[in-house]
Amino acid sequence: MARLIDGFGRRFHYLRLSITEVCNFRCTYCLPDGYRKEGPLSFLDPQACERVVRAFADLGVSKVRLTGGEPSVRRDLSEIIARTAAVPGVDKVCVTTNGWNLDRQVTAWRDAGLTNLNVSIDSLDREAFRRITGHDRLAAVVGGLDRALARGVPSVKVNGVLLRDTTETGFDAFADFVRERPVAVRFIELMRTGDNADYFADQHVPGSTLTAWLEARGWSRRERAFDDGPAVEFAHPDHAGRIGLIAPYAPGFCDSCNRLRVTARGQLRLCLFGELGVDLRDLLEKDEPEALRARIVSALAGKPAGHRLHEANSGDTRQLAQYGG
Ligand code: SAM
Ligand code: SF4
C-alpha cells in the first residue's frame, strides 16, 4: 500500500479533519465578530468523515484530530469519534475544543473512543478570558478539563495563543496551573491570517519570550516524541505538567510537517496557509476508496516546502476556523 511521503521526503501520519466551520466563541484573533454563515452549511456527515479517515488510515495515518470551527457544536460529534476510533490503523483520536460544554460532554466522548483532548485556554484570568473569547466561561472550561482528567482521558493538553495582552503574568498563572495537573500547556505563536493583520501587528510576540521566561526559571527542554510535530516542551521538577511552544515563525518549522488537513466541506488542504484545496467530496458521497486514495496520493506531489507567513502571505486562509486550525 502506498504511503504518504511528499517530494521533500516528509511522511504524513497525522490527519486534521475539520467537521464544521461554525463556532460559538468570538476569539479576538480568529472570529472577532463571531461566526458568519457563508453558503449552505453542508459539512461532511459522519459516514463521509469515516470514509476520509479510512482512506488516510489505509495510507498510513494513525492519528486523527477532529477540529473546526468548534467541533462540539455538532450533535453527532460522539458518533464521529466512535466511527474514527473504529477505523483499523487509527490509534489516536483527538479533539480540539474551546471547552464551552466540556463538562457535560467529555464522558460521552471518552466512551466513544477519544484518546487525546486539547482544550483552548488563552488566559487563566477570568476577565482576560472573557475579553479574548467573548464569553465569561473560564471556570466552566477549567471544570470541563478537570472532568476529562478525572474520567481518565489518556492525554489532556491546553492550547494557548501567545498574545502581548497576556504574556508574563499569564505565564506565572499557567505554571501554577500545571504544578499539580499532569497537563501539557502549549502556547502557539499568533499567526497572521487574511482577516487579522492589524491585530497581529499589535499582539504578536515571538516564541522566544516564552522560552526565555521558562529557562530563567529552571524549566528544561524535553526530548520530542515521534508524533509531537513541531512542539518543543519544557519540564520542571516541581511541576507535574509541562509547558510547550509551537513557533510557526521559527526557521525550519515546516521541515518537520507531518500533517494533512481535510476541511468540513471535504477539501484536502496541503498547507494551512496554502491556496485552494483539492476537492474530495464527489468521491466521499459515493463509496470509492481506491479513487479517493489515488487522489490524495497524487495531490501530495503539490505540497509546498513551507508556508510563506514570513512574507505576510497567509494564502487564502482568512481565519483558522475556516479550514480547521
Ligand atoms: N474551536 C476550537 C478551539 O478553539 O480549540 C478548534 C478550532 S481552533 C481554530 C484551533 C486552535 O487554533 C485553537 O487553539 C486556537 O486558539 C488556535 N488559533 C486560532 N487562530 C489562531 C491564530 N491566528 N494564530 C494562532 N493560533 C490560532
Ligand atoms: Fe472559535 Fe476556536 Fe476560532 Fe476561538 S479559536 S473563534 S473557539 S474556532
Condition set more than 16 Å from ligand 2 (Cβ to nearest atom) and basic (Lys, Arg), scope region 165-199, selection most open to solvent (accessible area, probe 1.4 Å): answer is Arg179
ask   = Would you say Val52 is within 24 Å of Thr317 (Cα to Cα), away from ligand 2 (no atom under 12 Å from the Cβ) and not acidic (Asp, Glu)?
value = yes
Reported set for region 57-95 where residues are within 16 Å of ligand 2 (Cβ to nearest atom) and touching a Lys or Arg at 6+ places or on another chain (Cβ under 6 Å) is Arg65, Thr67, Cys94
Note on region 86-138: residues more than 14 Å from ligand 1 (Cβ to nearest atom), in a loop (DSSP other than H, G, I, E, B) and under 23 Å from Gly34 (Cα atoms) are Leu124, Asp125, Asp136
Has region 63-74 got at least one residue that is open to solvent by 30 Å² or more (accessible area, probe 1.4 Å), of a type outside the set (S, T, N, Q) and more than 16 Å from ligand 1 (Cβ to nearest atom)? no
> Quick check: is even one residue across region 200-215 open to solvent by less than 70 Å² (accessible area, probe 1.4 Å), farther than 18 Å from Asp238 by Cα, β-branched (Val, Ile, Thr) and within 14 Å of ligand 1 (Cβ to nearest atom)?
Replying inline: yes
- Task: Go through the residues of region 33-42 one by one and say whether even a single one is open to solvent by 40 Å² or more (accessible area, probe 1.4 Å), touching a Lys or Arg at 6+ places or on another chain (Cβ under 8 Å), among the acidic types (Asp, Glu) and within 16 Å of ligand 1 (Cβ to nearest atom).
- Result: yes
Residues of region 159-176 being within 16 Å of ligand 1 (Cβ to nearest atom) and either closer than 18 Å to Asp202 by Cα or part of a helix (DSSP H, G or I) (or both), in sequence order, are Gly160, Val161, Leu162, Leu163, Arg164, Asp165, Thr166, Thr167, Gly170, Phe174
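The values are calculated or read from the model by the stated rules, or taken from the named source; none is laboratory data. Only a predicted model underlies this, so the values are computations on that prediction, with no experimental measurement involved. Virtual Cβ from ideal backbone geometry, glycine too; neighbours counted across all protein chains shown. Please note that ligands, DNA and RNA were not included when accessible areas were found on the heavy atoms of the full protein model with its side chains. Shrake-Rupley method; radii C 1.70, N 1.55, O 1.52, S 1.80 Å.
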